[in-house]
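The next block holds one structure in the form of C-alpha cells; read it before the comments.
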Amino acid sequence: DTGVSQDPRHKITKRGQNVTFRCDPISEHNRLYWYRQTLGQGPEFLTYFQNEAQLEKSRLLSDRFSAERPKGSFSTLEIQRTEQGDSAMYLCASSAAGTEEKPLHFGNGTRLTVT
Amino acid sequence: QKEVEQNSGPLSVPEGAIASLNCTYSDRVSQSFFWYRQYSGKSPELIMSIYSNGDKEDGRFTAQLNKASQYVSLLIRDSQPSDSATYLCAVNIRPGGNNRLAFGKGNQVVVIP
C-alpha cells in the first residue's frame, strides 16, 4: 500500500490555459474522489467515481472541469480555460467499498496557481 | 444551513491540557463521522471515525457522537505541540449511497509549550 499519489504537486499556469492533474488511488480501492480546498476552508466535493463510472458531480462544478477514470484505475481532472478563481489545492482521495461507510484516504494534493 | 459546521475560532491550549472541538451537521440520517487532522500545507489525515452514539477512544483522542442532537466532538487529552494543526469534521451525508463526505471549515488548534 503506497497510498494515494497525485501529480504534479504544484502547477502554475496563466489564465486561459488548460491544466490536467493525475491521481493514482490505493490499489484495492474502487472509489475515487476529487475535492478542492482553498485557504481557511474545508475540502469541497467536486466529483466521485466508483470503478470507471462517474456517479456524482457537484452542482458547483463548472463545465470547464472534467474528470475521467478509464479502466477504473487512475483518474485525471482537467480544467479548461483556467481562471484565477480556480487557484486552490486539488485533493484526490480513495476508499474501499463496503457495507459500512469507509473513510477517505487523501493524496498530497496538487496546488494550482493561476496567474 | 451548512451541511457541516465548525464555528469556533482558533483554539489555544497549554501543553498538557485538553482541547475540545465541536461540530454540528444538518443531515439527520447521517451515519458515519470522521475527524481529520491537517497540518499547514499538507493533506487531511484521518485520526478518528465514529459510527455509534457515545464515546470512542483512541490513544489521546476521544470522539463523541450524539445523533439526536446532531453533533460530534473531539477531545484531545494531554495536548502536545505536535497536535497543533487544523482539525476537520467530516460527515457522510448520503449513507448507503455514494459515501460523499462533507467537511466543515476546520478548527485551528495551537498548543503552547
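If one takes the accessible area of chain A alone plus chain B alone and subtracts that of the pair, with a 1.4 Å probe, what total in Å², rounded to the nearest 100, results? Before the final figure, lay out the partial values.
On the way: alone 6780 and 6040 Å², together 11020 Å².
Counting both chains, the buried surface is close to 1800 Å².
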> Using a Förster distance of 22 Å, how high is the FRET efficiency between B:S69 and B:Q108, based on the Cβ-Cβ distance and rounded to 0.05?
Replying inline: 0.35
> Hey, what's the Cα Rg ratio for chain A versus the globular rule of thumb, 2.2 N^0.38 Å?
Replying inline: 1.01
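Could you tell me what fraction of 2.2 N^0.38 Å the Cα radius of gyration of the protein assembly as shown comes to, as a two-decimal ratio? Write down the numbers at each step before the final one.
On the way: Rg = 17.6 Å, N = 228, 2.2 N^0.38 = 17.3 Å.
Normalised Cα radius of gyration, the protein assembly as shown: 1.02.
From the convex hull of the Cα coordinates of region B:1-84, what is the mean projected area in square nanometres? Working shown, then result.
Numbers: hull surface 23.5 nm².
Its Cα hull, projected and averaged over all orientations, spans 5.9 nm².
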>> A drop of at least 10 square angstrom in accessible area, chain alone versus all protein chains together, probe 1.4 Å. Which residues of region B:19-61 meet that?
In response: B:S32, B:F34, B:Y36, B:Q38, B:G41, B:K42, B:S43, B:P44, B:L46, B:Y51
>> If you average the alpha carbon positions of region A:37-115 and of region B:7-73, how far apart do those two centres end up, in angstrom?
In response: 24
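Calculate the FRET efficiency for B:R28 and A:E28 from the Cβ-Cβ distance with a Förster distance of 30 Å, rounded to the nearest 0.05. Before the final figure, lay out each step's value.
On the way: r = 33 Å, r/R0 = 1.08.
After rounding to 0.05, the efficiency reads 0.40.
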> In nm, to one decimal, how far is the modelled label at A:D7 from the one at A:R111, with both set 7 Å along Cα→Cβ?
Replying inline: 2.1
> With the other protein chains left in place, how much accessible area per residue, in square angstrom, belongs to region B:31-113 at a 1.4 angstrom probe?
Replying inline: 40
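On a 29 Å Cα-Cα criterion, which of the cross-link pairs A:K71/B:K56; A:K11/A:K57; A:K57/B:K105; A:K14/B:K2 come out too long?
Values: A:K71/B:K56 38 Å; A:K11/A:K57 23 Å; A:K57/B:K105 21 Å; A:K14/B:K2 33 Å.
Check vs 29 Å cut-off fails for A:K71/B:K56; A:K14/B:K2.
The values are calculated or read from the model by the stated rules, or taken from the named source; none is laboratory data. Computed from a prediction, not measured in an experiment: that's the story for all the values here. Note that each Cβ is placed from the backbone with ideal geometry, even for glycine, and that neighbours are counted across all protein chains shown. These accessible areas exclude ligands, DNA and RNA; they are computed on the full protein's heavy atoms, side chains included. Shrake-Rupley method; radii C 1.70, N 1.55, O 1.52, S 1.80 Å.
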